[in-house]
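First the structure, in the form of structure tokens, and then the observations on it.
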There are 2 protein chains.
Amino acid sequence: MMKNQLLSKVYQVLEPGPVVLLTTAHKGRANIMTLSWHMMVEFEPPLVACVVSNRNHSFAALRATKECVIAVPGVELAPKALRVGNCSGRNVEKFERFGLTPAPAERVAPPLVAECFANLECKLAGFVNKYGIFILEVVKAWTDPAQRNPKTIHHHGYGRFVVDGEMIRLKSKKG
Amino acid sequence: MMKNQLLSKVYQVLEPGPVVLLTTAHKGRANIMTLSWHMMVEFEPPLVACVVSNRNHSFAALRATKECVIAVPGVELAPKALRVGNCSGRNVEKFERFGLTPAPAERVAPPLVAECFANLECKLAGFVNKYGIFILEVVKAWTDPAQRNPKTIHHHGYGRFVVDGEMIRLKSKKG
């Protein structure tokens with residue numbers, strides 16, 4: 001169902017700044033958090049930086065297992081993404097609670113999120129302790145060909161999200 | 001003309017992932033580059049991470065002067081933002097060439113971009129050498145009240161940009 005995606009194209013998914021879900025697996029439990037504080041750092045191999053606070057339950061899992069999946073939800077999942085972000089894996093089984101489907105990844109233990117149109121399997125490549133910045137290398141990327149022209153959401157604070165509008169094309173010399 | 005903006009609200013401008021312009025001033029010359037590789041790191045004082053390659057002319061200016069302005073263009077400026085990104089300050093006076101207006105900042109030497117709806121005056125707070133990640137503290141923020149509901153652009157590669165569409169509001173327990 002999910003289609004392999006060129007690693008050199010990963011930046012096109014994350015650079016526009018969508019809200020993403022981050023999954024971890026630790027001590028026999030999978031967990032999900034919602035995240036907007038991420039950016040590309042290198043095209044290929046794709047490196048992604050993200051901020052996960054040590055107040056997040058996912059922090060310990062990511063530090064210990066050095067693996068995660070970044071899943072990109074379309075706008076249809078906005079209410080679920082928000083609810084995932086408004087509770088903690090400390091006391092909630094989030095996949096079950098929010099009706100999200102874990103699917104096996106190929107290169108890492110944390111699950112893909114089957115409902116998301118893109119899933120990026122990541123291994124920890126570095127950690128900048130002072131700022132809580134994780135550097136992730138995307139080692140495998142998947143897209144769901146059934147989701148054509150997915151619209152992502154962009155967080156503006158307090159439950160407000162801007163949904164992707166029209167795509168404009170300008171002539172560029174660069175990627 | 002530009003209105004002072006609460007520093008605690010800065011994340012609402014950058015977190016959604018817009019294409020931004022970054023200005024520097026070095027050796028008597030102001031320069032601009034276009035940038036999408038940025039993310040929030042802390043709410044308040046607002047810390048922003050961004051990747052500026054040492055291949056960019058702005059790299060030396062930012063390292064030497066430890067100051068910059070992050071300016072956020074609306075969709076009307078998309079063609080100019082692209083052209084700013086497709087040439088180098090080594091051999092182009094970009095403000096002049098692209099008809100952008102430098103305006104004096106209050107706390108830093110690099111200029112604001114008068115046409116942008118938001119301008120963030122930044123001082124360098126850290127540098128992660130291994131990944132070329134600059135950590136900037138926003139010390140002063142401005143918005144242009146004349147630009148109501150500005151639509152930002154989000155880079156998808158090769159001159160393709162998604163423009164902000166509708167804003168949805170969901171009930172959230174958190175900022």
Practice problem: Considering only region B:18-39, state which residues are open to solvent by less than 10 Å² (accessible area, probe 1.4 Å), farther than 11 Å from residue B:72 by Cβ and at the interface with chain A (Cβ under 10 Å from one of its Cβ atoms). | Solution: B:39
Quiz prompt | Selected residue [over 21 Å from residue A:8 (Cα atoms), of a type in the set (D, E, K, R), surrounded by fewer than 21 Cβ atoms within 10 Å (Cβ to Cβ) and within 12 Å of chain B (Cβ to nearest Cβ)] from A:76, A:93, A:42 | solution = A:76
Quiz item: For region B:79-90, what are the residues that are surrounded by fewer than 20 Cβ atoms within 10 Å (Cβ to Cβ), within 14 Å of chain A (Cβ to nearest Cβ) and either hydrophobic (A, V, I, L, M, F, W, C) or more than 24 Å from residue B:164 (Cα to Cα) (or both)?
Solution: B:87, B:88
Quiz item: Which number in (1) in contact with a His (Cβ under 8 Å, 6 or more places away or on another chain); (2) over 23 Å from residue B:154 (Cβ atoms) marks the one condition that residue A:39 misses?
Solution: (2)
Exercise. Consider only pairs whose beta carbons are under 8 Å apart and that are at least six residues apart or on different chains; among these, list those whose first residue lies in region A:160-175 and is farther than 25 Å from residue B:15 by Cβ and whose second residue is among the charged types (D, E, K, R) and outside any loop (DSSP other than H, G, I, E, B).
Key: A:169/B:160
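Residues are listed down the side, and each one gets a yes or a no for (1) under 24 Å from residue B:56 (Cα atoms); (2) in contact with a helix residue (DSSP H, G or I) (Cβ under 9 Å, 6 or more places away or on another chain):
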position	(1), (2)
B:2	no, no
B:10	no, no
B:15	yes, no
B:24	yes, yes
B:33	yes, yes
B:37	yes, yes
Quiz item: Right, residue A:106: surrounded by fewer than 20 Cβ atoms within 10 Å (Cβ to Cβ) and under 13 Å from the mean Cα position of the chain (by Cα) or not?
Solution: no
Quiz prompt | Sole residue being in contact (Cβ under 8 Å) with a residue 40 or more places away in the chain and closer than 20 Å to residue B:164 by Cα, chosen from B:116, B:68, B:122 | solution = B:116
Self-check item: Top-ranked residue in region B:140-175 [being of a type in the set (A, V, I, L, M, F, W, C) and under 19 Å from residue A:77 (Cβ atoms); ranked as nearest to the chain's Cα centre (by Cα)]
Solution: B:162
Quiz prompt | Output for region B:120-175, where each listed residue is acidic (Asp, Glu) and either open to solvent by less than 20 Å² (accessible area, probe 1.4 Å) or more than 11 Å from every other protein chain (Cβ to nearest Cβ) (or both) | solution = B:121, B:137, B:144, B:164
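The values are calculated or read from the model by the stated rules, or taken from the named source; none is laboratory data. What you are looking at is a predicted structure, and each value in this text was computed from that prediction instead of being measured. So basically every Cβ, Gly included, is an ideal-geometry build from the backbone, and we count neighbours across all protein chains shown. Protein only, heavy atoms only, side chains kept; ligands, DNA and RNA dropped before computing areas. Shrake-Rupley method; radii C 1.70, N 1.55, O 1.52, S 1.80 Å.
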